[in-house]
1. Criterion first (exposed (fewer than 11 other Cβ atoms within 10 Å of the Cβ), modelled with pLDDT of 95 or more, out of contact with any strand residue (DSSP E or B) (no Cβ under 9 Å at 6 or more places or on another chain) and under 19 Å from residue 86 (Cβ atoms)) does residue 185 satisfy it?
2. Can we say residue 98 is exposed (fewer than 13 other Cβ atoms within 10 Å of the Cβ) and either in contact (Cβ under 8 Å) with a residue 60 or more places away in the chain or under 15 Å from the mean Cα position of the chain (by Cα) (or both)?
3. Tell me whether the stretch 172-189 contains one or more residues that are part of a helix (DSSP H, G or I), under 11 Å from the mean Cα position of the chain (by Cα) and not assigned by TED's automatic domain parsing to the domain that holds residue 17.
4. Quick one: which of 57, 72, 90 is part of a helix (DSSP H, G or I), in the same structural domain as residue 121 (by TED's automatic domain parsing) and modelled with pLDDT under 90?
5. Considering only the stretch 101-154, state which residues are under 28 Å from residue 174 (Cα atoms), in contact with a helix residue (DSSP H, G or I) (Cβ under 6 Å, 6 or more places away or on another chain) and part of a loop (DSSP other than H, G, I, E, B).
6. Going through 46, 76, 69, 63 one at a time, which residue ends up being touching a helix residue (DSSP H, G or I) at 6+ places or on another chain (Cβ under 7 Å) and within 29 Å of residue 172 (Cβ to Cβ)?
């Protein structure tokens, strides 16, 4: 048991050291020797846990994204309406990025430009994370909150692309301001494109009213 615990502690120390060095001096400039020295290990000892620095690059964000996936269901629980869920998703995600800037830096500045990213487990988990947005946009279209001709995938891409731009810019500017500056205005501007037009909303309400009237009329005829 002690040996297993010691191995887990060593693995965590290596991950923490790599995360710090990647964020401070960049992935390309960091070597396995740098990481092993930071972790207080020999280079050979590090290779007992990881195949190299690319293995570490792929492991670090996978842990972070897995934590996000575990948290998201709870965060969206009880939130009503598609726009309410979109707003919660955005504010929650930005908060988690601000709380874990090293993880975010590795994901947005190093991992997404790695040629092997699309073949990793972390990419699979990122897709799961964004699949929640597809469900939200589909819900908005079905409920009439959003445009009937809205393509959930296109809407998801716009939403994610906006988030990525905000976060990448923040990281490149050394996190010198809050991610929440002007976020409300950005959210309103972005979601205006998804909203159902007034005429479309009126038609939805009319159709619902006609449907209710027809059902009531049918009931009256049946009772007669």
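1. yes
2. In short, no.
3. As a first pass, look at the stretch 172-189 and keep what is part of a helix (DSSP H, G or I): 172, 183-189.
Subsequent filtering for residues that are under 11 Å from the mean Cα position of the chain (by Cα) retains none.
For the stretch 172-189, residues part of a helix (DSSP H, G or I), under 11 Å from the mean Cα position of the chain (by Cα) and not assigned by TED's automatic domain parsing to the domain that holds residue 17: absent.
4. Numbers: 72 fails: modelled with pLDDT under 90; 90 fails: modelled with pLDDT under 90.
Exactly one of 57, 72, 90 is part of a helix (DSSP H, G or I), in the same structural domain as residue 121 (by TED's automatic domain parsing) and modelled with pLDDT under 90, namely 57.
5. Matches in the stretch 101-154: 120 only.
6. Result: 69 is the single residue among 46, 76, 69, 63 that is touching a helix residue (DSSP H, G or I) at 6+ places or on another chain (Cβ under 7 Å) and within 29 Å of residue 172 (Cβ to Cβ).
Results for (1) in contact (Cβ under 8 Å) with a residue 12 or more places away in the chain; (2) surrounded by fewer than 17 Cβ atoms within 10 Å (Cβ to Cβ); (3) more than 15 Å from residue 64 (Cα to Cα), shown as yes or no for each residue.
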site: 107; (1), (2), (3): yes, no, no
site: 110; (1), (2), (3): yes, no, no
site: 128; (1), (2), (3): yes, yes, no
site: 154; (1), (2), (3): no, yes, yes
site: 160; (1), (2), (3): yes, yes, yes
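Yes/no matrix, rows are residues, columns are (1) loosely packed, with under 15 Cβ neighbours inside 10 Å; (2) free of Cβ contacts under 8 Å to residues at least 24 places away in the same chain:
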position	(1), (2)
12	yes, yes
21	no, yes
34	no, yes
37	no, yes
41	no, no
44	yes, yes
48	yes, yes
60	no, no
73	yes, yes
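The values are calculated or read from the model by the stated rules, or taken from the named source; none is laboratory data. All of these numbers come straight from a predicted model, not from anything done at the bench. So basically every Cβ, Gly included, is an ideal-geometry build from the backbone, and we count neighbours across all protein chains shown.
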